[in-house]
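Just below is one structure, and these are the notes that go with it.
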Amino acid sequence: MTELDARPRPRRRGRPVGADSARTRAQIVDAARTLIAAKGYPAATFQALSAASGFGRTTLHYYFDSLDTIYQALMAEASEVIMRCITMAGMESTLPDQLAAYIAEFGRSSVSDRATVVLLSRSRLASSQAPAPVCDPAVEVRRFLTRAVGEAIGRGELPIGTDVPIVVDLLYSVFWGIGFYAGLADDPNRLEAVTRQLGDVFKTGLVNGVG
């Protein structure tokens, strides 16, 4: 064996595997989240995503066959944020406490994962410009509120004659309203104060006066 033969052969270049593959996919998703949150789904072309992520279009197409696939992955992640808020709300026993818990968790998510919260807000403002999400956070929010209001009536927190759809629409609007605000707020301390204040409003009788 010659000295040349004994040298370690350079690793052949190819598609990343294992941890490298997962890291690349995550970087593409992160870039897409930031791009869509800032400019909307129509602006998220493969050319724009290539510039934002630093990966060539060949690499992008290797991991995702379409922009729709990327968007569905992002909305699935956004749904996880909403489901976490709903889970925290479900640990409380009264409607005002449930609403306050949801808002508190949403406020924390808005600080720790602002891009996802901005994406959530933009998805509602421009829903007609993007594919219908398979995992739709808006559906989960409305389902949670409908169940929570119905159970509150059963516990006697709201009158028997309460118009459930109207109350649900009211709360639905409030929830998305704070979501839009979270997407615009640049000061996490102020955002935390606003969500805390809204939670206090729920606890001091706003909902109990509806019916």
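The values are calculated or read from the model by the stated rules, or taken from the named source; none is laboratory data. Here the structure is a predicted model, which is why all the values come from computation and not from measurement. Neighbour counts run over all protein chains shown; Cβ positions are idealised from the backbone, glycine included.
Looking at segment 170-189, can you tell me whether even one residue there is without any contact (Cβ under 8 Å) to a residue 60 or more places away in the chain and at positive phi? So far as segment 170-189 goes, no, none of its residues is without any contact (Cβ under 8 Å) to a residue 60 or more places away in the chain and at positive phi. Considering segment 172-191, the residues that are hydroxyl-bearing (S, T, Y) and surrounded by 12 or more Cβ atoms within 10 Å (Cβ to Cβ) include one that is modelled with the highest pLDDT, namely Y172.
Report those helices (runs of 4 or more DSSP H) wholly inside segment 45-116 carrying at least 2 residues which are surrounded by 21 or more Cβ atoms within 10 Å (Cβ to Cβ).
Working: elements: 46-53, 57-63, 67-90, 95-112.
Result: 67-90, 95-112.
Residue under question is V168, and the condition is that it be part of a helix (DSSP H, G or I), surrounded by 13 or more Cβ atoms within 10 Å (Cβ to Cβ), modelled with pLDDT under 95 and of a type in the set (A, V, I, L, M, F, W, C); does it hold? When the stated conditions are applied, V168 does not pass them.
Residues checked against (1) charged (D, E, K, R); (2) under 17 Å from the mean Cα position of the chain (by Cα):
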| residue | (1), (2) |
| --- | --- |
| P137 | no, yes |
| L158 | no, no |
| L170 | no, no |
| V174 | no, yes |
| R196 | yes, no |
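Within segment 34-43, how many residues are of a type in the set (A, V, I, L, M, F, W, C) and at pLDDT 85 or above?
Step one: list which residues in segment 34-43 are of a type in the set (A, V, I, L, M, F, W, C), which gives 35-38, 43.
From what's left, at pLDDT 85 or above: 35-36.
Count: 2.
Of the residues V134, V201, V194, which single one is modelled with pLDDT of 85 or more, outside any loop (DSSP other than H, G, I, E, B) and touching a helix residue (DSSP H, G or I) at 6+ places or on another chain (Cβ under 8 Å)? Walk me through it before giving the result.
Numbers: V134 fails: outside any loop (DSSP other than H, G, I, E, B); V201 fails: touching a helix residue (DSSP H, G or I) at 6+ places or on another chain (Cβ under 8 Å).
Answer to the check: V194.
Scanning segment 137-162 for residues that are crowded, with 18+ Cβ neighbours inside 10 Å, part of a helix (DSSP H, G or I) and touching a residue at least 40 places away in the same chain (Cβ under 8 Å) yields P137, V141, F144, A148, V149, A152.
Condition first: surrounded by fewer than 17 Cβ atoms within 10 Å (Cβ to Cβ) and touching a Lys or Arg at 6+ places or on another chain (Cβ under 8 Å). Can you find one or more residues in segment 122-133 that meet it? It would help to see each step written out before you state the result.
So in segment 122-133, the residues surrounded by fewer than 17 Cβ atoms within 10 Å (Cβ to Cβ) come out as 124-129, 131-132.
After this cut, where a residue has to be touching a Lys or Arg at 6+ places or on another chain (Cβ under 8 Å) as well, the list is none.
No, because not a single residue in segment 122-133 is surrounded by fewer than 17 Cβ atoms within 10 Å (Cβ to Cβ) and touching a Lys or Arg at 6+ places or on another chain (Cβ under 8 Å).
Looking across segment 78-104, the residues that are within 27 Å of R25 (Cβ to Cβ) and free of Cβ contacts under 8 Å to residues at least 40 places away in the same chain come down to E80, R84, C85, T87. The set of residues from segment 25-48 being more than 19 Å from A78 (Cα to Cα) and of a type outside the set (V, I, T) comprises A43, F46, Q47, A48.
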